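What follows is calculated from the coordinates using simple rules that are stated; it is not laboratory data. The model shown is predicted, which means the values in this text are computed figures rather than measured ones. Virtual Cβ from ideal backbone geometry, glycine too; neighbours counted across all protein chains shown.
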Ligand code: MN
């Protein structure tokens with residue numbers, strides 16, 4: 001038995017210290033996980049976490065410097081620098097300790113956002129997909145296995161555009177830690193190996209235009225470099 005069309009390619013990420021690659025299943029994204037960013041979006045930092053998703057095909061392997069095209073139907077493409085978690089295990093109703101056991105590794109990622117389309121959808125109570133889940137909306141850098149770097153709970157997270165710092169914060173300022181967020185999410189959905197979670201962005205989000213170069217890094221995790229074409 002074959003397929004009636006060629007099967008879609010599996011999105012994969014590079015892994016530090018390995019020739020093998022991490023296959024991406026689902027991408028969950030945490031909304032508003034830094035208080036100062038929640039405020040700049042007009043929200044209340046005490047709200048419980050909420051999630052949206054991107055398709056695995058939105059991943060751009062940014063283990064090395066890469067370029068992405070400026071997407072259609074927007075005039076306000078925003079950068080959101082985020083800590084990315086990749087799961088090697090899973091399960092339902094995970095304790096925080098079990099959630100960390102399920103983590104394969106960490107990376108630096110960008111939750112690229114068509115902010116104009118996101119806000120238009122939000123204001124009408126419509127889904128966020130056009131604003132968040134478009135092609136190449138999830139560039140993710142080299143995965144660092146937790147067996148090598150542990151589980152980062154603090155450290156600078158920053159993004160500069162054309163050498164100018166736009167976003168800077170510290171992982172310790174996340175409202176919901178990785179362990180708390182995974183535990184919470186696992187009550188709603190059984191987590192699986194291959195799941196990727198983007199853990200929210202700090203304040204300072206803003207627009208990029210063709211020709212801009214975004215360079216981000218998280219202390220103890222690594223970096224990412226993405227040019228917009
Ligand atoms: Mn985000």
Inset, instruction - Determine the shape class of the range 34-81: with a ≥ b ≥ c the square roots of the Cα gyration tensor eigenvalues, call it rounded for a/c under 1.5, and otherwise prolate if a/b is greater than b/c, oblate otherwise. - result: prolate
Inset, instruction - Any chance you could get the radius of gyration and Dmax over the Cα atoms of the range 23-228, in Å? - result: 15.6, 45
Inset, instruction - Please report the base-10 log of the normalised intensity I(q)/I(0) for the range 37-130, using a Debye sum with one equal scatterer per alpha carbon and no solvent, at each q in 0.16, 0.18 (1/Å). - result: -0.94, -1.13
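Taking every pair of distinct Cα atoms and averaging 1/r, then inverting, what Kirkwood hydrodynamic radius in Å comes out for the range 107-229?
Its Kirkwood hydrodynamic radius stands at 16.0 Å.
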Inset, instruction - Can you figure out the FRET efficiency of residue 20 with residue 66, using R₀ = 22 Å and their beta-carbon distance, to the nearest 0.05? - result: 0.65
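What value in Å³ per residue do you get for the convex hull of the alpha-carbon atoms in the range 74-178?
Values: hull volume 15.5 nm³, N = 105.
In the range 74-178, the Cα hull volume divided by residue count equals 147 Å³.
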Legend entry - Residue order, fewest to most beta carbons within 10 Å, for 37, 64, 78: 64, 78, 37
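Can you give me the relative contact order of the chain as a percent, contacts being Cα pairs under 8 Å and 6 or more apart? Walk me through the intermediate numbers first.
On the way: 574 pairs, mean separation 70.7, N = 229.
Contact order relative to length: 31 percent.
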Inset, instruction - Along Cα→Cβ, 7 Å out, is where each label goes; now give me the distance between the ones at residue 135 and residue 119 in nm to one decimal. - result: 2.7 nm
